[in-house]
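The structure under discussion appears below in the form of structure tokens.
The values are calculated or read from the model by the stated rules, or taken from the named source; none is laboratory data. Quick caveat, the model's predicted, so the values are computed rather than measured. Glycine also receives a Cβ, built like all others from the backbone with ideal geometry; neighbour counts cover every protein chain displayed. To get the accessible areas, we keep the full protein, side chains included, count just its heavy atoms, and leave off ligands, DNA and RNA. Shrake-Rupley method; radii C 1.70, N 1.55, O 1.52, S 1.80 Å.
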Amino acid sequence: MLSFVVVSLHVRLGVAKSLSSVTNGNISIQRNLEGYVGFANLPNQVYRKSVKRGFEFTLMVVGESGLGKSTLINSLFLTDLYSKDYPGPSQRIKKTVQVEQSKVLIKEGGVQLTLTIVDTPGFGDAVDNSNCWQPVINYIDSKFEDFLNAESRVNRRLMPDNRVHCCLYFIAPSGHGLKPLDIEFMKRLHDKVNVIPLIAKADTLTPEECQLFKKQIMKEIQEHKIKIYEFPDTEDDEDSKLIRKIKEKMPLAVVGSNVVIEVNGRKVRGRQYPWGVAEVENGEHCDFTVLRNMLIRTHMQDLKDVTNNVHYENYRSKKLAAVTCNGVDATKNKGQLTKSPLAQMEEERREHVMKMKKMETEMEQVFEMKVKEKKQKLKDSEAELERRHEQMKKNLEAQYKELEEKRRQFQEEKANWEAQQRILEQQKLDASKTMEKNKKKGKIF
Amino acid sequence: SKMSESVPPEVRPKPAVPAKPSHVAPPSRSALLGYIGIDTIIEQMRKKTMKTGFDFNIMVVGQSGLGKSTLVNTLFKSQVSRRSTNWSRDEKIPKTVEIKSVSHVIEEGGVKMKLTVIDTPGFGDQINNENCWEPISKYINEQYEKFLKEEVNIARKKRIPDTRVHCCLYFISPTGHSLRQLDIEFMKHLSRVVNIIPVIAKSDTLTLDEKTEFKQKVRKELEACGIECYPQKEFDEDMEDKSDNDKIREAMPFAVVGSDKEYQANGKRILGRKTPWGVVEVENPNHCEFSLLRDFMIRSHLQDLKEVTHNIHYETYRAKRLNDNGGLHPISSSGFSSRTFCMDTPCLCE
């Protein structure tokens, strides 16, 4: 106990010394410690914490159907992600490009890895493959958006990282060069995700053909300025040698298999042909081991870092720039990203409120106008009705007069006729009287 | 006479006059009184054919990188493909399907063959491959049209040059799963117009089990879509034909590997592909079915391919064309006939 206290005293003194030198000139001079402090234990602490938390890794596989993607995944992770009971997407015929993900929890040596495999069945299989990359881009962007939203939330306790860390693109082993579809896809995705091109079913090619093919592909990739995943430079000599070796072999030519075959007494994974066995883990047969080591054993963390620092940040700045520039005059400088999001939100709110007010007044105006119109219409129709009413009355009077006229005429005629009748009657009477008189006269004679 | 000079010694024609009756009993009515020499007709035909030689036109269709040119070179054991004549490794994929044909005259055993290989670069290579079979269909019909024009001419050539496509090798990509949509569309549109022989390209990528499974799948799919490849069932002439062709139909599509490089194996030089795990022997039936394809196409069915093209596909085209003319056979001057033909088909402006 005593010795411990003594040591710590020494240490404190030592620390004070180095601190002063820092404040003086803002440079940190390396100092030798006079005892064991213990922060060398830091990596172990990080390690223990991470192991407890577990790791996440999302791997996307893209390529035409029949290129051995599922087999390769099974070989890489030595599991049957796609087995006979749960056939992979390759066994099902897809009419449009789908994006499917499957999660697998793998444990090895106490370390837990949540592996998510994103598959794209239907890619490049239709007759017309225009825009078959769009579902893939949408998927990647949606994962970025989820992460962005999670990051911007108030409560950030649980932040699952579902972003796509690596995209394995499978090139068909034609032996000639890249197809237009390959070029188009990689061009559109190289700034959204780490693209690692692979030559699929490499046991189709002889070593010479493979060399030529790889050269041709790299040439075309450079021609079209496609940025595939680049290995980081390290200061360590050994590592950089390794990295240089890997770079020479790009794109990696892989063969996948989970079938174990016996060759010369040893058991290997491979493919049995009548002319020999193509071994998956033999470096002279294919680059599978290189891929596996790189992907899992050495560069998994780097892939995640690049995704986080480069691709995600690109997405984020683009997205947020779009938000701040929304509604802003196009002539204004696009570099005005200095507005803090909160001020931005205030401004947006004010804008929104103004907009609402404007809309309200507009609506009222419209309403008024409509009311006026209606009133006018009603008045018009009333006047119209009045006019018609007058008109009808006049007609009626005219008819009445006519009828009166006719009646009068009729009366006149009647009176005439009666008068005539009377005269006739009188005449008749007179005539009969005269006859009687004549009769009498006659008789007398 | 001329005949006695060029006839090989075994077949010596006896004089045409009936010889004196041999020791055989008086022959019945139908028996010949002696040797006439009718059977020498085979020999006469053979000589004629050898002199005139014959044409064979083969078309290869498939996505780029499936080994079409290599296979054709292997089939005819010479550098007859377009790629061998003028090709650079970084030749760009054309934006539309082009039809390029290269002709060679090859000779074997005194028999001359004018072989024309018709290549279709750009097929299935674009992002959007809608209707990429149309240029091919157009080309095939144009050849029929050419032949028909020559045939209906008043002054016909003695031997009409035959540019019709006798055989179309369709290359299927060895995915191991099923046919692609493009494959089905192509074969649907063209199986009634030309003899299609589907082959599985670069089949050294499939193990034996995968091969059998794939072939079965392909056959099933072709049947389900009603696609009939050569040899078509309906054209089997007799039982012998049928049994022969049935065997072939069971083995189709042939899983082939092509190579024009020779390697040393088992003490002899063979055509093959050398991989770090073994040499794929092209002509070994245990390794791939190239020899089956070659025997089928060249050694037994070459003439049949031409006959089916002439008697069936060409006749179908001809009937359709003449029916479109209202059943009238344009027999007036060639000027009129060319005008008639120019009506609704793309004009072969000569």
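Plugging the Kirkwood radius over Cα pairs into Stokes-Einstein for the stretch A:346-419, at a temperature of 10 °C and a viscosity of 1.306 mPa s, what D comes out in µm²/s?
Numbers: Rh = 18.3 Å.
Value of D from the Cα-based Kirkwood radius: 87 µm²/s.
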Average partner coverage of A:121-132, which counts Cβ from other chains inside 10 Å: 4
If every Lys and Arg gets +1 and every Asp and Glu gets -1 at its Cβ, then about the Cα centre the stretch B:222-268 yields a dipole, in debye to the nearest 20, of 460 debye
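Once a ≥ b ≥ c are taken as the square roots of the eigenvalues of the Cα gyration tensor of the stretch B:98-151, is the result rounded (a/c under 1.5), prolate (a/b larger than b/c) or oblate (a/b not larger than b/c)?
Oblate shape, in that a/c is at least 1.5 and b/c is the bigger or equal ratio.
Could you compute the FRET efficiency for A:ASN149 and B:GLU130, with r as their C-beta to C-beta distance and R0 at 51 Å, rounded to 0.05?
Values: r = 39 Å, r/R0 = 0.77.
Efficiency, rounded to the nearest 0.05: 0.85.
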Return the long-range amide H neighbours of B:THR275 (sequence gap of 5 or more, or a different chain), with a cut-off of under 5 Å between placed amide H atoms. B:VAL280
In Å² (nearest 100), what accessible area is buried between B and A, both sides summed, heavy protein atoms only, 1.4 Å probe? 3600 Å²
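Using a cut-off of 14 Å between beta-carbons, work out the net charge of the residues near B:THR212 (Lys and Arg +1, Asp and Glu -1, B:THR212 not included). Could you put the intermediate results ahead of the total?
Working: positive: B:LYS211, B:LYS215, B:LYS217, B:ARG219, B:LYS220; negative: B:ASP209, B:GLU210, B:GLU213, B:GLU250, B:GLU289.
Local net charge: 0.
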Here FRET efficiency (C-beta to C-beta, A:ASN395 to A:MET354, R₀ 51 Å, nearest 0.05) is 0.25
Interface residues of the stretch B:246-284, defined as losing at least 50 Å² of accessible area versus the chain alone with a 1.4 Å probe, are B:ARG273, B:PRO276, B:TRP277
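Calculate what fraction, in whole %, of the accessible area of the stretch A:44-326 sits on carbon and sulfur atoms when a 1.4 Å probe is rolled over the protein chains.
About 49 percent, which is the carbon plus sulfur part of the accessible surface.
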Near-label residues of the stretch B:186-201 by backbone N, under 12 Å of a point 7 Å along Cα→Cβ of B:SER137: B:186-194
Within the stretch A:44-326: Cβ-based charge dipole about Cα centre, in debye rounded to nearest 20 (Lys, Arg +1; Asp, Glu -1): 800 debye
If you bin the C-alpha pair distances of the stretch A:44-326 every 10 Å from 0, what whole percents do you get? 6, 26, 36, 23, 7, 1, 0
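Roughly to the nearest percent, how much of the accessible area of the stretch B:192-322 is carbon and sulfur, given a 1.4 Å probe? Walk me through the numbers on the way to the answer.
Values: 3090 of 6340 Å².
Of the solvent-accessible surface of the stretch B:192-322, carbon and sulfur hold 49 percent.
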For the charge dipole of the stretch A:44-326, defined by +1 on Lys and Arg C-beta atoms and -1 on Asp and Glu C-beta atoms about the Cα centroid, which residue among A:VAL154, A:THR206, A:ASN293 has the Cα displaced farthest towards the positive pole? A:VAL154
Pair B:LYS242, B:ASN325: separation of 7 Å Cα→Cβ label points (nm): 3.8 nm
If I take R0 = 51 Å and measure r between the Cβ atoms of A:ASN131 and B:THR49 in this structure, what FRET efficiency does the formula 1/(1 + (r/R0)^6) give, to the nearest 0.05? 0.40
